[in-house]
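K.L.:
This is the structure I have questions about; it appears just below.
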Amino acid sequence: MPPPPATLIVLPQSHYCDRAAWALTAAGVPFTRSAHAVPTYLLFTQLAHGSRGTPILMRQPAPGATAAPPPLLSSDAIVEWLATAVEPRLAAPAKTDADLEARLSQRLGVHARRWAYFHVLATPGMLARLSSAGLGAVEGAVYKVALATGAVEAYLRRGLSIDEASAERSLVVVKKLFEEVGVGGKAKDADGCASMHERRVYLGGDGSRLTTLDITWGALAAPVLFPPGHYARVAGQPVALTEMPAAYQREVLELRATPAGEYGVWLMEHVRWSAGGGMPAKM
């Protein structure tokens, strides 16, 4: 009998959590999701494991072991474990690419999240739709009250330093990272003629196979690309870009039109949600 699956503690709307879920899927590691909400998720993270962040991966004991290994407390830790200790199906990027992956995790993830949340919070009902899927009955009821009283919005604005000025500064950082990936990440060939998905190459290494760099780019760029169909899957119900503020729509469409943005959308549409979360070496 196969061992029971690992448990991934997530916030449904979190792009860092999706990064971990995608990596687990691509590596062929079975897992179940345990979805929670702001701020009640702290009962399952900080109180239980001493961490305020998500995702958290609870692994099962190895065959013959009496105790489970310690939990992995971030998407960085989960991705590194998968790429180095679990399964060669999910490749770790080369050193140069690993440096880029670290910058994307530390900067793109943070700034994309802040800019996107600024606009989500300005869209009535959108936060509830994106963040309620999979919650238990009791936690879901508490979350509805917290949303209605404004407690969730206040928590997010304070915790993530969200206001109009900070959102605009974050967008500047996002655009610089898109430019870096578009130039340094082989998003165009030497003649600038073909995008990555047209040439069938990945970001990392020689471009022949999916690596954790691709997963990191696709997942962490999603809040500023709003990939078609992605957030409908996250929310478990239809969610359209046209429901978001006009300023958000305009910037999303501009970012999608960049080489790095085209590649990010392609990754989410054709790789993230393919069977197994990855593509064969020859696409």
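K.L.:
Dividing the convex hull volume of the Cα atoms of region 107-165 by its residue count, what figure in Å³ per residue is obtained? Let's see the in-between values first.
P.N.:
Values: hull volume 5.2 nm³, N = 59.
Cα-based convex hull of region 107-165, divided per residue, equals 89 Å³.
K.L.:
Separate question: Could you sort the peptides 221-229, 243-251, 103-111 by per-residue average Cβ neighbour count (10 Å cutoff), highest mean leading?
P.N.:
Working: 221-229: 22.8, 243-251: 14.8, 103-111: 19.3.
Ranking, from highest mean packing down: 221-229, 103-111, 243-251.
K.L.:
Residues with amide H under 5 Å of Ser34's amide H, sequence separation 5 or more or different chain, H placed in the peptide plane at 1.01 Å from N; which?
P.N.:
Amide H to amide H, under 5 Å and 5 or more residues apart or across chains, Ser34 pairs with Leu8, Ile9, Val10.
K.L.:
What length, rounded to one decimal in nm, is gained on full extension from Ala246 through to Ser161, with 0.36 nm per residue of separation minus their alpha-carbon distance? Present the calculation step by step, with values, prior to reporting the outcome.
P.N.:
Details: separation 85, 0.36 × 85 = 30.60 nm, distance 2.23 nm.
Extending this stretch completely gives an extra 28.4 nm.
K.L.:
Sticking with this structure for a sec: What are the ³J(HN,Hα) values, in whole Hz, obtained from phi via the Karplus relation 6.51 cos²θ - 1.76 cosθ + 1.60 with θ = phi - 60°, for each residue of region 213-218 in sequence order, with x given for Gly and Pro?
P.N.:
Those phi angles translate into 5, 5, 4, 5, 4, x Hz.
K.L.:
Kindly write out, for region 56-63 in residue order, the coupling ³J(HN,Hα) from the Karplus curve 6.51 cos²θ - 1.76 cosθ + 1.60 (θ = phi - 60°), rounded to whole Hz, with x marking Gly and Pro.
P.N.:
10, 10, 9, 8, 8, x, 5, x
K.L.:
Report the gain in length on full extension from Glu168 to Gln106: 0.36 nm times residue separation, minus Cα-Cα distance, nm rounded to one decimal. Show your work: numbers first, answer last.
P.N.:
Details: separation 62, 0.36 × 62 = 22.32 nm, distance 1.79 nm.
Length gained between Glu168 and Gln106: 20.5 nm.
K.L.:
Run the numbers for Val145 and Lys176: contour at 0.36 nm per residue of separation, minus the present Cα-Cα distance, in nm. If you can, show how the numbers build up before the last one.
P.N.:
Details: separation 31, 0.36 × 31 = 11.16 nm, distance 3.87 nm.
So the chain would gain 7.3 nm between Val145 and Lys176.
Any read-out appearing in this document is the output of simple, stated calculations on the displayed coordinates, not a laboratory observation. All values reported here derive from a predicted model rather than from experimental measurement. We place every Cβ from the backbone using ideal geometry, glycine too, and count neighbours over all the protein chains shown.
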